[in-house]
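The values are calculated or read from the model by the stated rules, or taken from the named source; none is laboratory data. As the structure is a computational prediction, the values presented were derived from the model and not from experiment. Positions of Cβ are backbone-derived with ideal geometry, glycine not excepted, and every protein chain shown enters the neighbour counts.
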Amino acid sequence: MWSSLVIPTFLFLSFSSVGLAPDPGSTTNENDNYPPFWDQTEGDIAEFPVQNNKIIVDPWKYMDRLRMYKILITESNKYFAPLGKNNTGNVFWALTLFYGKLFKTDRFSETPKSSRCAYESGVSSCISINSGWGGINYYVIIMYFLAAIESRFLGNLPYEVELLSREKYRSNFCYSLEECRAAYPQVMDIANRFYKYLQSRKIVSATSGIPQYDIDEDTAIFKMWAVHQAAVDVAKSKFNDVSFYSSETEQDFTMDFLLAIEFVEAVLYRPYYESSAEFLVGFPHRPLTYQDHNVLMSNFSRREKALMTAVKLIPKINKSTGGLFLTIWKKLMTSKFTRAIGRFFIKRLLLIPIE
C-alpha cells in the first residue's frame with residue numbers, strides 16, 4: 001500500500017510548494033557559488049607544511065579543509081571530463097560547494113553572532129570545535145581524504161599525513177588513518193571502493209587532447225553518495241555532543257536536512273557544479289533561531305522558505321510511516337527510469353529549474 005503512495009506524496013509536496021517560489025529560473029552569480037578563498041589554494045598536497053617528516057593538516061582551519069576538497073577535485077578531474085565542460089562534471093562539487101555554503105552562513109562559528117571562526121574572520125578563519133555542522137563536515141571530508149591516501153588515489157606521498165587534534169571532545173573524532181580505520185572500518189571500505197572504481201577506469205578516447213575514461217555516470221555517483229551517507233551516519237550520533245550552543249530549531253533543521261538528503265541521494269542526484277549551486281540557492285543564509293520555530297522570519301527569501309518547508313515536511317511524513325517512506329522510496333529508485341522520475345520530483349520540490 002505504501003509504495004502506491006510514495007510518488008503521489010512527492011507530487012503533492014512538489015506542487016504545493018510552488019506557491020512559495022519566485023521565478024525558478026533565477027540563479028545566483030556564478031562567482032558567488034565557489035567557496036570563499038577558492039582561488040587562494042592550488043589544490044596541491046605540497047601546500048601543507050612538513051614537520052618532522054610529516055605532512056601537517058589542521059582540519060579545524062577553514063583553509064586546510066578547503067585544500068583537502070580542492071585536492072580531491074584536482075586529482076579526480078580527469079575521470080569526470082566526459083560529464084561536464086571545464087571540470088564542472090566532477091562529483092565532488094556538491095560536497096565542496098556545500099562546505100563553502102556552511103562557512104558563508106556562519107555555521108562554523110563559535111556561537112551565533114560570535115566573531116570567532118566567523119565568515120568575516122577571512123582567510124585565517126577557524127572551524128569551531130563546538131559547531132555541530134563543523135563536526136558533521138569533519139567526518140565527511142576526513143573519510144574521503146584519508147581513504148584517498150589509503151587507496152593511493154593521491155599517489156605515493158613522500159610523508160605520512162598528521163591531522164592536528166583538539167583536546168576538547170577528543171573522543172568524538174579520529175585523527176589519523178590508523179585511528180579512523182580502526183574506529184570506522186566499514187566507512188573506510190566504502191570510501192576505498194569509490195576510489196578503486198575510479199582507478200579501474202580505462203581511457204577509451206580523447207577529446208581536444210583530453211583523455212576520456214570509460215566511467216559509468218550512475219555508478220560513480222552512487223559510490224560517491226554512499227561514502228557521504230556512511231560518513232554522515234557516523235557523525236549524526238555525535239551531533240548533540242558538539243553543538244550545545246545551537247538553537248533547537250537549528251538542530252532540528254540539521255537532522256531534517258540530512259534525512260531529506262537521503263531522498264536526494266537515492267535518485268542519484270547529479271552532484272555537479274551547476275546542479276549543486278542551484279540546489280544550494282534555497283539553503284538558509286543564517287542559522288535558525290528559536291524565533292524561527294513556528295514562523296520563519298521575513299528576512300528569508302521565498303526560495304529559502306520553500307526548501308525549509310520541504311525539509312521539515314519530508315521527515316514528518318517519514319516518521320508518520322515508521323520510516324517506511326524512505327525505505328520504499330529507496331526501493332523504487334532502483335532503475336534509471338524511476339530515478340529520472342525521482343530527480344524530476346526532487347527538482348520540483350526544491351524549486352530547481354527542470355533541465
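Brief remarks follow.
- Hits in the stretch 285-295 - residues which are surrounded by fewer than 22 Cβ atoms within 10 Å (Cβ to Cβ) and not hydrophobic (A, V, I, L, M, F, W, C): His285, Arg286, Thr289, Tyr290, Gln291, Asp292, His293, Asn294
- For the stretch 4-62, the set of residues classified as in a loop (DSSP other than H, G, I, E, B), at pLDDT below 55 and β-branched (Val, Ile, Thr) consists of Thr27, Thr28, listed by residue number.
- Positions within the stretch 158-185 being assigned to a helix (DSSP H, G or I), within 23 Å of the chain's Cα centre (by Cα) and polar (S, T, N, Q), in sequence order: Asn172
- Residues of the stretch 116-156 that turn out to be under 18 Å from Tyr175 (Cα atoms), assigned to a loop (DSSP other than H, G, I, E, B) and not β-branched (Val, Ile, Thr), as a count: 4
- In the stretch 100-115, of all residues being assigned to a loop (DSSP other than H, G, I, E, B) and at pLDDT 90 or above, the one that is nearest to Arg166 (Cα to Cα) corresponds to Phe108.
- Taking the numbered list (1) among the hydrophobic types (A, V, I, L, M, F, W, C); (2) surrounded by fewer than 17 Cβ atoms within 10 Å (Cβ to Cβ); (3) in contact (Cβ under 8 Å) with a residue 60 or more places away in the chain in turn, Val267 passes all entries but (2).
Matching residues to (1) surrounded by 14 or more Cβ atoms within 10 Å (Cβ to Cβ); (2) closer than 17 Å to Gln229 by Cα:
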position: Tyr119; (1), (2): yes, no
position: Trp133; (1), (2): yes, yes
position: Tyr144; (1), (2): yes, yes
position: Phe153; (1), (2): yes, no
position: Tyr159; (1), (2): yes, no
position: Arg170; (1), (2): no, no
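- Sole residue being in contact with a Leu (Cβ under 8 Å, 6 or more places away or on another chain) and either under 29 Å from Tyr269 (Cβ atoms) or not polar (S, T, N, Q) (or both), chosen from Ile203, Ile221: Ile221
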